[in-house]
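A.B. asks: Next up is a structure, given as structure tokens.
Only the coordinates and a few stated rules stand behind these numbers; no lab work does. Predicted, not measured: the structure shown is a model, and the values here were computed from it. With ideal geometry, Cβ positions are generated from the backbone for all residues, glycine too; neighbour counts draw on all protein chains shown.
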Amino acid sequence: MATQDIIIFEPTSIEETDALIAFGKALKLKFKIAESEDFNENKEIQIPEAHKAIVAERLEDYRKNPNTNFNFDELLKDIRKKYNL
């Protein structure tokens, strides 16, 4: 028995939802619609105090020693070059 692929779409508008439903029906795909509260724009995200403390610590370190931190874009460029990505 072959494994079944699962594809999850997260439309951001009713138009996208309608288009995905029509697409699924046109291709006679088996699908189900579930609502997710994970991406509800009106829902406030709670950040744990431990995470806030880590960010505050890193921000303080950056402000004290701005020259010891890496530029993300340059770091990513170097990693891609090193590993031929």
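A.B. asks: For a Förster distance of 25 Å, can you work out the FRET efficiency between the beta-carbons of D78 and I7, rounded to the nearest 0.05?
C.D. replies: According to the calculation, E is roughly 0.15.
A.B. asks: So what's the angle, to the nearest 10 degrees on a 0 to 90 scale, between helix 14-26 and the longest Cα principal axis of the chain?
C.D. replies: 50 degrees
A.B. asks: Could you tell me how many degrees, from 0 to 90 and to the nearest 10, lie between the Cα long axis of helix 49-64 and the main elongation axis, the longest principal axis, of the Cα atoms of the chain?
C.D. replies: The helix 49-64 is inclined about 40 degrees to the chain.
A.B. asks: Pop a pseudo-label 7 angstrom from the Cα along the beta-carbon direction at both E60 and A22 and give the gap in nm to one decimal.
C.D. replies: Those two pseudo-labels are separated by 5.6 nm.
A.B. asks: For the chain, take the alpha-carbon Rg, divide it by the Kirkwood Rh, and send me Rg/Rh.
C.D. replies: Radius of gyration over Kirkwood radius for the chain works out to 1.19.
A.B. asks: Oh, and also: Which ³J(HN,Hα) values in Hz, rounded to whole numbers, follow from the phi angles of region 65-81 under the Karplus curve 6.51 cos²θ - 1.76 cosθ + 1.60, where θ = phi - 60° and Gly and Pro get x?
C.D. replies: 9, x, 7, 8, 9, 9, 7, 4, 4, 5, 4, 4, 4, 5, 5, 4, 5
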